[in-house]
Amino acid sequence: MSKKAIIIGASAGIGRALAIELGKNGYDVGITARRKELLESLQKEIPTQSWIQVMDVANTEESRTQLGALIEIMGGCDIIILNAAVGHTGLNWEENREMIQINTLGNVALGDFAFHYFKQKKSGHIVGISSVAKHRAFRTAIVYSATKSFLSAYLQGIRHFFAYKRVPVYVTDIRPGFVETFMTSQNDPKAMFWVSTPETAAYYIRKAIEKRKKVAYITPRWWWAGQLMQFLPDWVAHKM
C-alpha cells in the first residue's frame, strides 16, 4: 500500500517540487494552499493519487478543521509536512506580523493537529521545513530567522515527547539553505551561494524523510554553514 503524505503549502517552490517528487516515487499526496488554480495545475503533474484542500494557514482554526477533513477524505495519512512560510527582509510591522502568523502560529496550529492525530494513531511522521537561518538572526532577516528558530525548537520538543513515550512517531527538521524560490528572489544575488533548485531540494528532502532523519540540511553541504553560523562570534556577525 502506498504511503500517504500531506504537504501544507504546496502551490510553489519547495512544496510544489516535493509534491511531484513524492508522487514520482510512489506516494499518494494531499496538497494544500490558498489558491485552488495552482493546486489544480500541480495535481496534473502528480502521477499518483492526489487530493486538493484549499487552505489559508493564517486562519488557524479553519485550517485545523480543513486538515482533518483532508485526512478523512484521504482515508488516513502517514506523513504531514509543515511547509507554509512567508519571508520578508524589512522591519515593517505588517510584514513581520504576517511571518509570525504563518511561520509560527500557522505551523504550530497544524503541527498540534498532526501531533494528536499521530499520537492517537501510534505511528506517523511530522516533517517541518525550518531553515539554516534558525541558527542566527542576521540584520536582514530578524523576524524570519526567529520564526524558523521557533519552529525548529518546536519540532525538537515533539521529537523528545514521542521518544520518551516510546511511540513510533518520527519528527524531521528540514533546514534548507538557499533555494531558487520567490522568497529568495527578494535577496541580493551577490549575498547568496550554494543555491539549489526546488527539484534538487525536494530530492534530498524525500531522502531525509525516508531515512527518518532527525535533522537534515538541504543540500547536505549546508551542514557546514549551519555549524559556522552557530559559533560565529558576534563581532564578526555584526559586520555582515
Would you call Ile8 within 13 Å of the chain's Cα centre (by Cα) and touching a residue at least 60 places away in the same chain (Cβ under 8 Å)? yes
For segment 181-214, give me each residue that is modelled with pLDDT of 85 or more and among the aromatic types (Phe, Trp, Tyr). Tyr203, Tyr204
Hey, does segment 65-85 have a residue that's touching a residue at least 60 places away in the same chain (Cβ under 8 Å), surrounded by fewer than 16 Cβ atoms within 10 Å (Cβ to Cβ), more than 19 Å from the chain's Cα centre (by Cα) and farther than 30 Å from Val143 by Cβ? yes
Show the residue pairs meeting these rules: Cβ distance below 9 Å; 6+ apart or different chains; first residue within segment 30-58 and within 14 Å of Leu70 (Cα to Cα); second residue part of a strand (DSSP E or B) and acidic (Asp, Glu). Gln49/Asp28; Ser50/Asp28; Trp51/Asp28
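One line per residue, one yes/no per condition, for (1) polar (S, T, N, Q); (2) crowded, with 18+ Cβ neighbours inside 10 Å:
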| position | (1), (2) |
| --- | --- |
| His116 | no, no |
| Lys119 | no, no |
| Gly128 | no, yes |
| Tyr144 | no, yes |
| Thr147 | yes, yes |
| Leu155 | no, yes |
| Phe162 | no, yes |
Which of (1) out of contact with any strand residue (DSSP E or B) (no Cβ under 9 Å at 6 or more places or on another chain); (2) of a type in the set (Gly, Ala, Ser); (3) modelled with pLDDT of 95 or more does Gly87 not meet, given it meets every other one? (3)
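Considering each residue of segment 17-38, count those that are part of a helix (DSSP H, G or I), within 17 Å of Ile80 (Cβ to Cβ) and either acidic (Asp, Glu) or within 17 Å of the chain's Cα centre (by Cα) (or both), and give that number.
Taking segment 17-38 as the starting set, the residues that turn out to be part of a helix (DSSP H, G or I) are 17-24, 36-38.
Add one more test, that the residue is within 17 Å of Ile80 (Cβ to Cβ), and what stays is 18-19, 21-23.
Add one more test, that the residue is either acidic (Asp, Glu) or within 17 Å of the chain's Cα centre (by Cα) (or both), and what stays is 18-19, 21-22.
Adding up the residues that qualify gives 4.
Within the group Val167, Val132, which residue is of a type outside the set (Ser, Thr, Tyr) and modelled with pLDDT of 95 or more? Explain how you work it out, then say what you get.
On the way: Val132 fails: modelled with pLDDT of 95 or more.
After applying the criteria, what remains is Val167.
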List the pairs whose first member sits in segment 108-127 and is within 11 Å of Ile158 (Cα to Cα) and in a strand (DSSP E or B), whose second member is modelled with pLDDT of 95 or more and small (Gly, Ala, Ser), and whose Cβ atoms are under 8 Å apart, counting only residues at least 6 apart or on separate chains? Ile126/Gly111; Ile126/Ala114
When Ile52 is run through (1) in contact with a Leu (Cβ under 6 Å, 6 or more places away or on another chain); (2) surrounded by 21 or more Cβ atoms within 10 Å (Cβ to Cβ), the failure sits at (2)
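The values are calculated or read from the model by the stated rules, or taken from the named source; none is laboratory data. Treat the numbers as computed from the prediction; the structure is a model and nothing was measured. Neighbour counts are summed over all protein chains in view; Cβ atoms, including those assigned to glycine, are modelled from backbone coordinates with ideal geometry.
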